[in-house]
1. Go ahead and set up a Gaussian network model of chain B, Cα springs under 10 Å, then flag whichever of B:Pro339, B:Pro251, B:Pro330 fluctuates most.
2. Cα axis of helix A:10-33 to longest principal axis of chain A: angle in degrees, 0 to 90, nearest 10?
3. Per residue, what volume in Å³ does the convex hull of the Cα atoms of the stretch B:209-344 enclose?
4. Is there a quick way to get the dipole size of the stretch B:1-118? I mean about its Cα centre, with the Cβ of Lys and Arg at +1 and of Asp and Glu at -1; what is the value in debye to the nearest 20?
5. What number comes out for accessible area per residue over the stretch B:144-256 if the probe is 1.4 Å? Units Å², please.
6. When each pair of different Cα atoms in chain B is counted once in the 1/r mean, what is the Kirkwood radius in angstroms, to one decimal?
7. With all protein chains present, how much of the accessible area of the stretch B:162-294 (probe radius 1.4 Å) comes from carbon and sulfur, to the nearest whole percent?
8. Taking the alpha-carbon set of the protein assembly as shown, what are its Rg and Dmax in Å?
Amino acid sequence: MKPRADSFSLPSRLLHWLMAPLLLAMLLIGVGMISTVSHWRLWLIGIHKPLGLALLVLVVLRLLLRLLGHSPKLPSSMPAWQRHVATLSHWLLYGAMFAMPLLGWGMLSAAGYPLPGIGAFHLPSIAPQNVTLYAWLRYAHGVCGQAFFALIVFHIAAGLLHALVLKDGVFKSISLRAKSGHR
Amino acid sequence: MTSPPERPKSVPDRLSQMLHKAFALPIETPLFRPLLVITTVGLALVCAYAYAAGWFSPTRLTPKQIIATFNQDFGTHPGFRRNHAKGVCVVGYFDGNGSASGLSNALVFGASRTPVIGRFAIPGGNPEITDASSPVRSMALQFQQPNGEQWRTGMNNVPLFAVKTPRAFYEQLEAARPDPATGKPDPARMKAFFDAHPETAGAREWGKTHLPSSSWANGTYYSINAFQLVAANGDKQFVRWAMVPELAYTPIDPIIPKAADFLSHDLEQQLQQGPLRWHLILTLAKAGDVTNDATQSWPADRTTVDAGTLTLNQTVSQDDGPCRDVNFDPLILPHGIRPSSDPLLAGRSSAYSRSFNVRTREEAEGAVTQTNNAQLIAKKGNP
């Protein structure tokens with residue numbers, strides 16, 4: 001259980017900590033905006049769509065960094081099943097980070113809603129206009145969001161366990177603190 | 001002397017033992033405080049989610065509740081809109097004349113043609129009621145701008161709305177729920193509601209004095225809410241709009257009995273003789289005019305601008321017409337048109353979205369197939 005100096009690259013770590021609060025905010029905004037009849041709805045939807053698009057761009061960048069860059073191995077002090085669970089949960093998180101904005105974009109396309117844009121540029125439609133398809137994409141967007149939130153809670157709890165109890169370098173590998181050093 | 005019986009281990013003790021074992025930790029590693037921190041953080045996140053979803057605020061009105069109330073008042077009609085369930089699709093275009101392009105930079109106001117998908121309807125959640133059941137007529141439009149932006153608007157032939165807030169609208173729906181014994185709303189409940197909501201006076205007065213139009217084609221349709229136009233130079237102007245028909249208003253003849261679908265038959269006949277036209281009239285607010293209350297009208301002397309002509313040339317059944325899959329959300333606006341702070345707007349938008357999600361889901365699940373088939377057969381048998 002020696003603290004390891006091994007960690008993700010600085011760009012990867014910066015992206016992790018930039019996206020973490022934004023993803024949490026997105027999920028809370030999403031559930032909030034569909035359950036209010038107040039003027040908040042306008043404000044929340046106004047954030048939800050462009051922020052979702054921004055997060056899609058960020059996760060593409062993040063996956064590239066992850067695949068091309070160095071990823072520290074999980075310590076052998078962790079039982080094999082925990083390492084499997086950790087690896088699986090990380091790829092599920094990536095899956096959710098891609099699925100959520102794509103489902104959102106797809107469902108807006110399928111419903112024929114105007115797509116968000118910047119200035120004269122508007123997002124192209126990525127799905128045929130079809131309300132049956134919309135219904136399923138809308139459903140998947142909601143269910144996937146709930147699963148994503150549960151996954152994030154689990155991920156944070158596991159991260160804290162590594163940081164506060166196990167102190168096995170796993171948390172340190174993603175932390176923004178200096179790369180090497182001992183407690 | 002006997003030693004005290006061995007106490008069974010407490011739950012935390014056993015949990016701690018289990019955790020030490022699972023994570024192969026030395027027994028002296030402290031667990032209590034870290035686990036408290038982890039549990040607190042986890043609970044805080046779940047609470048944040050629950051708060052956002054409104055689980056802590058059962059009195060907060062939700063779009064789900066509004067739509068559920070429509071179901072209670074009108075029954076569930078799978079695949080149909082929860083309100084304004086009965087209607088027809090129309091197709092046409094809007095020719096902007098450029099008069100309003102100084103007020104708003106929305107493309108629709110330029111001197112150009114914009115394709116339009118529309119829908120005429122009557123209020124209520126029952127798609128099978130007779131057209132004569134209500135004096136209220138509605139026109140909903142979707143303008144498709146060439147730059148990908150859309151303007152959607154849902155209008156009524158009533159210049160004033162009955163209530164000011166989504167909450168009051170919900171209470172009105174509750175009060176109007178048909179009494180199972182009579183099949184009609186309980187007059188005492190309605191009276192109690194109106195007494196509690198004096199802002200309904202304007203719309204009620206209209207209901208008492210207004211003779212319903214004989215046709216969808218000769219009605220004027222109002223924007224209900226105020227909106228804000230934004231010009232290219234950033235100037236802002238609050239407006240209300242109305243679609244004013246070229247046909248003269250003709251009241252319904254109360255003597256002649258009306259067929260159940262007389263409005264759609266009439267519209268079809270009118271369109272067979274030629275296209276129908278309306279003028280988009282913008283009414284400009286003056287400083288001090290109320291822009292967040294749909295129950296109050298503006299003084300009659302306000303400046304108006306004729307922004308262009310709507311031409312409708314075709315009607316299509318709503319069962320498979322182009323308007324069927326359109327949610328006429330009044331907050332889908334192009335650049336150059338912005339919502340006012342009228343609280344009804346967010347309420348309408350959220351309820352329409354919920355209705356759209358519910359009915360498309362029903363359609364996807366095939367719940368609608370049988371009902372629709374049955375209705376098609378019924379319609380063919382009764383022309």
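1. Its mean-square fluctuation being the largest, the pick is B:Pro251.
2. 40 degrees
3. Dividing the Cα hull volume of the stretch B:209-344 by its residue count gives 156 Å³.
4. On the way: 11 positive and 5 negative charges, 37 e Å.
That gives a dipole near 180 debye.
5. 47 Å²
6. On the way: mean 1/r = 0.0417 Å⁻¹.
Over chain B, the inverse of the mean reciprocal pair distance is 24.0 Å.
7. The computed percentage sits at 56.
8. Just the Cα atoms of the protein assembly as shown yield Rg and Dmax of 29.3, 111 Å.
The values are calculated or read from the model by the stated rules, or taken from the named source; none is laboratory data. Remember, it's a predicted structure, so these values are computed and weren't measured experimentally. When we count neighbours, we look across all protein chains shown, and the Cβ atoms used for this are built from the backbone with ideal geometry, even at glycine. The accessibility values were calculated without ligands, DNA or RNA, using every heavy atom of the protein model including side chains. Shrake-Rupley method; radii C 1.70, N 1.55, O 1.52, S 1.80 Å.
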